[in-house]
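Q: Below you will find the structure I want to go over with you.
The values are calculated or read from the model by the stated rules, or taken from the named source; none is laboratory data. Values in this document were obtained by computation on a predicted structure and should not be read as measured data. Cβ atoms come from the backbone with ideal geometry, glycine included; neighbour counts cover every protein chain shown. Protein only, heavy atoms only, side chains kept; ligands, DNA and RNA dropped before computing areas. Shrake-Rupley method; radii C 1.70, N 1.55, O 1.52, S 1.80 Å.
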Amino acid sequence: LFSLAVTMSTTTTTSIPITLKWSKQTFAMDLDPSLSALQWKEEIQSLTGVPTTRQKLLCTSLWKGMLSDDYPLSQLLDKINTNNKRKKKIFIVTLIGSAETLADNNKPGLFVEDLTPEQQQEQQASHYDVSMIPALQKQPNERNDGKTELYAYNHYVTGLPQAHIEQLIKDQADATTTDNDDKDQETNDGEQDSDKQPPSKSRIQLAGRVAMNLGLELRRSYINDLSVLPNGGLLSALDDGHIQLWKHGVLQDDIIHEGNKNYGGVDSLAVLTATTTNSTDTDSSNNNQWPDVASAGRGYLHFWSHDKDDDTLQRVAALPASPVPGQTSPTSLVQVPTTSNGATNNRLILAARYNVKEPPPSGSGMLRLAAQTEDQRQRQARAQAQDQMIRGTLNRVAKSIQVWYTTNGNGNSANTNPASFLQTKVLEPHDNNNASTLMSLVALGRGSESSWLISGDVAGGLRIWNVSEDSNQNQELVFREQAYFQLQPLSGGCSISCLHTLPDGRLAVSTDDTATTPTTHSSGDGCDVVSVPLSQAVYILSFQQENNNMKTTLSVDAILNGHLDTVTCLMGLSNGDLMTAGGKHDATLQIWRASQLGKSADAISHPDNAEDAIMEDADTSTEPQGIMLPSTVQTQSHQTITTNQGSTEKIGYVFALALLTDQQEGSHHFAVATARYNQVKILL
């Protein structure tokens, strides 16, 4: 590994003085820009002995990727003098290569047919020796840290040795065996050459070991949300307004989401992608179409571009997003999936609900005293009217969804100010007086024609908004209230704690027990009541559409009840499993196998066709009519993680989850980032 320090004077020169550092040796040389890149490499070879064919020169400030042999070095002076936005005078160039001479190998070629089964298995495993989970792992040539136990990588990061981390990732493939249905699925997927197959997704399992801690343990601010960039960098949003970017065990950037500091910090993050709802492409990178990241909080919506060379974020725009300044702030920010056909293709669509702060009564001092004069009575009346108006506005905002969207084809640059092309719309329920405060919001793709926004409220309600185009109005977006379902327990009431969309289009819903029974909506209000056996559980729901997508029905595919407290976070894993995180009184992470999530079933929309469902520990005499429920409640998850493996350190009660996937092609390995108070803990 070599480092080149390129020093430029402020005046125009015909050569570039170079300090070439190779290991512990130092060489001085002048780079002649009139030379070709290959000729420059030959000079380096004469100094270091590294053949030109092995030289890999990297410098993100001057060129992208490796320096090719035909690169015109004459462009370097122009870039340094005119395009150096950071006004640097020293450029670091990394050279990867070896001066060692390879020994000739006169052994005859060996074919796969000549290998023993053991040798074939060893060769197969070698294809996946080097993993790359960017937030957790350093570059392969930097992993020999010489450590044997947990140590401080830097001021902000502590973790296991890199070799230990890589071994834990490899061990995931041997941690468990497949379920019978998973084996059948693998068999039906078709036979492929064994030496090209990575470990099966269904065989990957977490060891329950904290591999790395990101952030200062004594920091006073908590982490509200986590998100992952397409290049594997991890973003954490804190309640003091900071957004931190982590990669390769290093804090790469720390920026501030400006706004009303009295309201808090960053409530949610959204990494913006350019994929469509029926896309099979796993590359969700933005391709520079939109700003790369959006953040919500402090009464504002901020947009950021991601510099992939330096792994930094630059603010593109800040939009006010507070209908009642100081009292409302956007949260639960989601990007609505675009469709392959129609108006939502090539659009940016964002949606959020609002956190609402109840204000103190306006003129509360004068309202405590009886009015003595007509002037006092009028002032009291005006104060009461103002207070009622503000509370009425806040009540409507708490039940509504704010949407920001582009017209088709507008604003297709990552550096374009979204304020110049974003339109906005407020989605209010048709029965606003009877509607309830929103608690969660997700977006769901529904094929090639439309997408859904689904909100959960404090009354156990799920409201579905259909997002599609109106072909008769210049392809304008149409937001239509599609359906409203209310989950009603056999006793008491429930509220929606959190929502999560599964890859197969189903919805995972966590409910929380409420002390009072919420108002039950009638079918005349457009509400479909869904009787459920438990007020606190996770329900796996699937939806069907009938009558040309005008009627929506619901079915309950699975009921998960393994936590002692409300499930506050839900996340799908790479292998199709579901991770659930319990609240403070439970403090566990649990993993439910894909086979425990049931299978999507057709909803029964006519009571005459409904069969009685048998629920464990439930009164079947009050079983709902019209909704088919699973025959059992799943009470035992496949895996429960309570403490850090090999220690007494608690894992659970986390505020957010993020999936960190291995970016090596064909790999199914993964890690899980958890927001635990003021630190990010990465689990393997």
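Q: Is segment 98-112 home to any residue that is modelled with pLDDT under 65, open to solvent by less than 100 Å² (accessible area, probe 1.4 Å), part of a loop (DSSP other than H, G, I, E, B) and farther than 30 Å from ALA211 by Cα?
A: yes
Q: Name the single residue that is surrounded by the fewest Cβ atoms within 10 Å (Cβ to Cβ) among those in segment 291-303 being assigned to a loop (DSSP other than H, G, I, E, B) and within 17 Å of the chain's Cα centre (by Cα).
A: Among those residues, the one meeting the criterion is ASP292.
Yes or no, residue by residue, for (1) within 30 Å of ARG396 (Cβ to Cβ); (2) at pLDDT 90 or above; (3) of a type in the set (Val, Ile, Thr):
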{"site": "GLN314", "(1), (2), (3)": "no, yes, no"}
{"site": "THR331", "(1), (2), (3)": "yes, yes, yes"}
{"site": "GLN335", "(1), (2), (3)": "yes, yes, no"}
{"site": "LEU348", "(1), (2), (3)": "yes, no, no"}
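Q: May I pose another question? For segment 396-420, name all the residues that are open to solvent by less than 40 Å² (accessible area, probe 1.4 Å), at pLDDT below 75 and of a type in the set (A, V, I, L, M, F, W, C).
A: The answer is ALA414, and nothing else.
Q: Okay, next question. Restricting to segment 214-229, name every residue that is in contact with a Gly (Cβ under 8 Å, 6 or more places away or on another chain) and open to solvent by 20 Å² or more (accessible area, probe 1.4 Å).
A: ASN224, the sole residue that qualifies.
Q: Okay, moving on. Can you find, within segment 28-45, the residue that is farthest from TYR71 (Cα to Cα) among those that are modelled with pLDDT of 80 or more and open to solvent by 70 Å² or more (accessible area, probe 1.4 Å)?
A: Only one residue tops the list, namely GLN45.
Q: Let me ask you something else. For LEU570, state whether it is part of a strand (DSSP E or B), open to solvent by 10 Å² or more (accessible area, probe 1.4 Å) and either farther than 16 Å from THR632 by Cα or of a type in the set (Lys, Arg) (or both).
A: Here the answer is yes, as LEU570 does meet what is asked.
Q: When segment 129-148 is examined, which residues are found to be open to solvent by 60 Å² or more (accessible area, probe 1.4 Å) and β-branched (Val, Ile, Thr)?
A: If the condition is that a residue be open to solvent by 60 Å² or more (accessible area, probe 1.4 Å) and β-branched (Val, Ile, Thr), then VAL130, THR148 are the ones that fit.
Q: I'm checking my understanding of the structure. Among residues of segment 188-213 that are open to solvent by 10 Å² or more (accessible area, probe 1.4 Å) and at pLDDT 80 or above, which one is farthest from GLY299 (Cα to Cα)?
A: In this case the residue turns out to be ALA207.
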